[in-house]
Structures are given as C-alpha cells and as structure tokens.
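The block underneath contains the structure these notes are about, expressed in structure tokens.
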Amino acid sequence: MLNKVLLTFTDSFKKDREDLSAVMLTPEKHLWFGSDETSTIERLSYIDANNFGDHKQFRVAEFIDLPAPEDEEIDIEGIEYSDNYLWIIGSHSWKRKKPKPDKSDIENIQRLAKIKSEANRYILARIPLVNGELQKSCAHPEDASVKLTAAKLQLTESENVLMEVLKDDPHLGFFVTAKIPGKDNGFDIEGIAVYQNRIFLGLRGPVLRGWAVILEIEVELSQAGELSLKPIAEKDQCYKKYFVFLNGLGIRDLHLADQDLLILAGPTMDLDGPVQVYRLQINTNLQDDILHYPKYVQDIPFGKQNDHAEGITLFEDITGTPSLLVVYDSPAKTRLVGDGGVIADVFRFG
C-alpha cells in the first residue's frame with residue numbers, strides 16, 4: 001500500500017459513507033462518488049495528498065427526470081468522466097429482502113421470498129461537467145457551438161431499452177427475464193468506462209461457469225432529448241459482448257487507463273472473497289467472438305464481513321506515481337473517522 005486518504009463528507013452523509021460504490025478522479029482534482037443507497041452524486045475537493053473534503057452533493061433529479069421519486073435509490077454502481085460529461089449507471093438489478101436481527105425466523109424466511117425491481121435502478125445517464133460543476137445544459141468549454149446536454153438512456157415501462165434487447169440474448173436473456181436478484185448471481189451492472197464513443201459496462205453477474213461479461217454499447221441523442229442505442233454489431237445488434245476470465249470472479253468496477261480497461265474483480269455473491277485487478281486492452285482489434293484472458297495486475301486486500309472494494313480510480317495526478325485509489329462498501333469500523341469521514345486506500349499500480 002502506498003498511502004491512505006481521508007474522505008470527509010458532511011455529517012448528514014454519515015450512514016451513506018459506508019455504502020460508497022463508485023469513484024472517479026477528474027482533472028480539477030475532484031473526487032466524485034456514487035452510493036448504492038441514494039439518488040445523489042457526491043463531490044469532494046482536493047485539500048492535500050492525504051485529504052479530500054468540502055463535500056458538495058448533487059441531486060440527479062435536478063439534471064434528468066427520474067422514473068420514480070428520488071427517495072428511491074438509483075443504486076449507482078459506476079461513475080465515469082469523458083469529454084466534459086460525467087456518466088453514471090445504476091445496477092439494473094432486482095433485489096431480494098434480507099433478514100433483519102429484529103425479526104423472527106418466520107418473518108425473515110418470508111422476507112427472503114420477496115423480490116422487487118425499482119425503476120430508478122435502470123438509469124444510464126450523462127451530465128455535463130464543466131469547471132467542476134454539473135450542469136443541465138451548457139456550451140462546450142472549448143467550442144461554444146457545441147451544446148452539452150444532460151440525458152439518460154431511453155426508459156421502457158419498467159426498465160430501459162438495453163434491458164429490452166438483452167431479453168433475447170442467448171447468454172443473458174434468461175437472467176433478465178427470470179428476474180434473478182443481483183446478489184443471487186443475477187444480472188447486475190457494477191462498472192462503466194467510456195472510450196471515445198464506446199461505452200463498456202461490467203457485469204458483477206451473471207458469471208457463467210467462471211466467465212464474467214463486459215457489454216459494449218454506443219448511444220446517440222434523439223430528437224426527444226434521450227439517449228438511444230446505436231447498431232454496432234452484425235445484424236444491426238445494439239451491443240457487443242465480451243467473455244473475460246477473472247478466476248471465477250465478477251466485475252465490481254471498470255476504469256480506463258489509456259487504451260486499457262482496468263477491471264476490479266470480486267465475488268458475485270454476497271460474501272468475503274478475493275479481490276483482484278486485471279487489465280484488458282480495448283483497442284479497435286478487440287473481438288467479441290472469442291474468450292478473453294485479461295492480464296492479472298494485483299490483489300486488493302479484503303476484510304471479514306467488511307472492506308469490500310467497490311470502486312477504483314487512477315490516482316497518479318495526486319501521488320505523482322502510478323497508483324489506484326480504492327473505496328470500500330461496508331468499510332471496517334477502523335476506517336470511520338468522526339461523523340463524516342472514511343478512509344480510502346492508495347495502492348501502487350503497474
């Protein structure tokens with residue numbers, strides 16, 4: 001480990017600091033976060049190499065229309081910055097109620113039988129980011145003739161157009177239509193990376209006989225102001241699919257490093273287990289009809305029922321050396337500082 005960084009949020013974020021699920025460092029030395037329990041985006045500013053603070057919260061509903069009230073979580077599992085846009089993606093997953101200690105065994109068994117889908121989880125959106133501030137629309141800072149506009153992928157009655165086309169997929173369609181919850185090896189998006197016009201989505205699940213899946217899509221802005229899928233594969237298919245071997249692990253985050261896709265891999269199910277970083281080259285020669293074996297880079301430590309690595313971002317602009325910042329879901333209590341702080345780790349990378 002290279003360093004530890006204290007992330008200081010406002011006291012009102014006390015509970016949600018334990019549910020950080022995505023992180024991105026942008027050129028202004030801001031750290032942007034998503035939480036899997038909110039419908040907001042969090043920004044911390046650089047103080048020094050060991051501290052980020054001055055927390056500012058942005059309500060996603062201020063920039064795009066949400067299909068459900070904003071007190072229903074988006075379950076943001078991926079965050080990305082590309083060409084003056086901040087991209088976010090929800091999990092796109094079903095959820096199962098979990099047992100609670102104040103319930104009886106009979107009540108908890110009944111809870112385990114209940115699954116549901118929440119409309120806000122099917123958000124894939126881009127929001128203009130200029131001079132460290134999110135905007136609903138604005139001129140491109142380098143070309144005033146270009147307008148930057150907040151937009152989301154077109155929704156359907158209960159999901160979105162991506163989920164609609166995946167229902168007929170020979171590998172993923174069963175998991176989508178069977179409504180298998182994400183933490184039961186069901187369909188669950190937990191990472192986004194944007195390379196030029198290509199959007200890569202990492203799936204925590206399903207993992208198929210040890211093989212994880214990355215989806216690639218491209219979008220365009222429709223006259224209605226929504227993002228629509230573009231045909232990018234044979235037979236006008238709107239997505240490509242890559243099978244990657246991560247030693248049986250699912251994808252917990254994606255991050256772009258030049259022309260390489262960094263993959264944070266971890267357990268698909270709700271358990272402690274290995275967490276590793278892999279590297280996959282995504283140049284124009286990346287094929288979607290072969291099996292891929294990304295290069296193993298390094299292990300990330302994990303705890304016992306805590307410290308589950310959920311988000312990574314390159315941190316070289318802060319440390320001056322190749323490095324990764326890692327944030328955790330369910331952080332160990334020793335990481336919590338006061339009512340708003342939580343400690344993240346910085347690892348040498350390369």
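Among the residues of the range 25-53, those that are under 13 Å from the mean Cα position of the chain (by Cα) and of a type in the set (Phe, Trp, Tyr) comprise TRP32, PHE33.
Restricting attention to the range 248-279, and to residues there that are free of Cβ contacts under 8 Å to residues at least 40 places away in the same chain and either in contact with a His (Cβ under 8 Å, 6 or more places away or on another chain) or assigned to a loop (DSSP other than H, G, I, E, B) (or both), which single residue is surrounded by the most Cβ atoms within 10 Å (Cβ to Cβ)? Among those residues, the one meeting the criterion is VAL275. Just to be sure, is GLU42 assigned to a loop (DSSP other than H, G, I, E, B) and more than 20 Å from THR321 (Cβ to Cβ)? No, not satisfied.
Would you point out which residue out of GLU190, GLU159 is surrounded by 17 or more Cβ atoms within 10 Å (Cβ to Cβ), acidic (Asp, Glu) and within 27 Å of LEU25 (Cβ to Cβ)?
Working: GLU159 fails: within 27 Å of LEU25 (Cβ to Cβ).
Matching residue, one of GLU190, GLU159: GLU190.
Looking only at residues of the range 141-155 that are at pLDDT below 95 and in a loop (DSSP other than H, G, I, E, B), we find that the one that is nearest to ARG96 (Cα to Cα) is PRO141.
Taking the conditions exactly as written (of a type in the set (Val, Ile, Thr), free of Cβ contacts under 8 Å to residues at least 60 places away in the same chain and surrounded by fewer than 18 Cβ atoms within 10 Å (Cβ to Cβ)), does VAL165 satisfy them or not? Give the steps one after another, and end with the answer.
Values: of a type in the set (Val, Ile, Thr): yes; free of Cβ contacts under 8 Å to residues at least 60 places away in the same chain: no; surrounded by fewer than 18 Cβ atoms within 10 Å (Cβ to Cβ): yes.
Against the criterion (of a type in the set (Val, Ile, Thr), free of Cβ contacts under 8 Å to residues at least 60 places away in the same chain and surrounded by fewer than 18 Cβ atoms within 10 Å (Cβ to Cβ)), VAL165 does not qualify.
Of everything in the range 1-25 that is hydroxyl-bearing (Ser, Thr, Tyr) and either touching a Pro at 6+ places or on another chain (Cβ under 6 Å) or crowded, with 16+ Cβ neighbours inside 10 Å (or both), the residue that is nearest to ASP253 (Cα to Cα) is SER21. Looking at the range 54-110, which of the residues that are of a type in the set (Phe, Trp, Tyr) and more than 24 Å from LEU172 (Cβ to Cβ) is farthest from the chain's Cα centre (by Cα)? It comes out as PHE63.
Quick check on the range 116-147: of everything there that is in contact with a His (Cβ under 7 Å, 6 or more places away or on another chain) and buried (at least 21 other Cβ atoms within 10 Å of the Cβ), which residue is farthest from GLY34 (Cα to Cα)? Checking each candidate, the answer is TYR122.
Among GLN259, GLN237, GLN196, which is modelled with pLDDT under 95, touching a strand residue (DSSP E or B) at 6+ places or on another chain (Cβ under 8 Å) and not hydrophobic (A, V, I, L, M, F, W, C)? If you could, list the steps in order and put the result at the bottom.
Values: GLN237 fails: touching a strand residue (DSSP E or B) at 6+ places or on another chain (Cβ under 8 Å); GLN196 fails: touching a strand residue (DSSP E or B) at 6+ places or on another chain (Cβ under 8 Å).
The unique qualifying residue is GLN259.
What's the number of the only condition in (1) touching a helix residue (DSSP H, G or I) at 6+ places or on another chain (Cβ under 9 Å); (2) part of a strand (DSSP E or B) that ILE312 fails to meet? Going through the list (1) touching a helix residue (DSSP H, G or I) at 6+ places or on another chain (Cβ under 9 Å); (2) part of a strand (DSSP E or B), ILE312 breaks only (1).
Which members of the range 26-39 meet the condition of being touching a Gly at 6+ places or on another chain (Cβ under 6 Å) and either outside any loop (DSSP other than H, G, I, E, B) or crowded, with 20+ Cβ neighbours inside 10 Å (or both)? Can you show your working first?
Keep residues of the range 26-39 that are touching a Gly at 6+ places or on another chain (Cβ under 6 Å), which gives 28, 30.
The answer is HIS30, and nothing else.
In the range 66-74, is there at least one residue being at pLDDT 95 or above, buried (at least 18 other Cβ atoms within 10 Å of the Cβ) and closer than 17 Å to GLU316 by Cα? No, because not a single residue in the range 66-74 is at pLDDT 95 or above, buried (at least 18 other Cβ atoms within 10 Å of the Cβ) and closer than 17 Å to GLU316 by Cα. Does at least one position in the range 182-192 carry a residue that is among the acidic types (Asp, Glu) and under 17 Å from the mean Cα position of the chain (by Cα)? Yes, the conditions are met somewhere in the range 182-192.
Given the structure, is ARG252 farther than 29 Å from LYS136 by Cα and of a type in the set (D, E, K, R)?
Answer is no for this residue.
The values are calculated or read from the model by the stated rules, or taken from the named source; none is laboratory data. Treat the numbers as computed from the prediction; the structure is a model and nothing was measured. We place every Cβ from the backbone using ideal geometry, glycine too, and count neighbours over all the protein chains shown.
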